[in-house]
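Each remark here refers to the structure printed beneath this line.
What follows is calculated from the coordinates using simple rules that are stated; it is not laboratory data. These numbers were taken from a predicted model, which means no experiment stands behind them. Glycine gets a Cβ as well: all are built from the backbone with ideal geometry, and neighbour counts include every protein chain shown.
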Amino acid sequence: MPLSEEELRLLEQMERALSEEDPKFASTLRGTTLRQAARRRAILAGVVFAAGVAVMMGGAVSGYWPVGVAGFLIMLASATILLGSLRGQRPGSGPHVTAHPSGLGVVDGGRRGRSHGRSSGFMDTLQARWRRRRDRGGF
């Protein structure tokens, strides 16, 4: 459900106040997106996978089988992390993030595109009641 204009205005004011109050924290929030973090994790997992192959081959060549098993376990763990981070990079796999003028992203999470059943009509009715009440000056 998209935010109303008043809610967007309030959110923008809170973001502005946050960046004025704690600019380091605000820059941290702006700095790394989920996609960049997943890409970094995938690259690191790929490097660790290659190291696991080297350890496994070293164990096989030396004849010391516990080193080979350790290399295999390293490869298995890094492949699991790699596949998990690659799944997170696919377009449309996570919540939609829209750009905001302050530089912070607005996440549109939850269920999108639900048009079946009575729930959308029920929510529309509640929103209409809320607007009427607000327009009349009530709470």
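Brief remarks on what is shown
- The local environment of Ile81, defined by Cβ-Cβ distances under 14 Å, has a net charge of +4 under the rule Lys, Arg +1 and Asp, Glu -1.
- Take the Cβ atoms of Gln36 and Ala79, set R0 to 30 Å, and the FRET efficiency comes out at 0.90.
- In this simple spin-label model, placing a label point 7 Å from the Cα along the Cα-to-Cβ direction at both Trp65 and Ile43 gives a separation of 3.9 nm.
- Highest mean packing first, where packing is the average number of other Cβ atoms within 10 Å per residue, the peptides 126-132, 69-75, 12-18 line up as 69-75, 12-18, 126-132.
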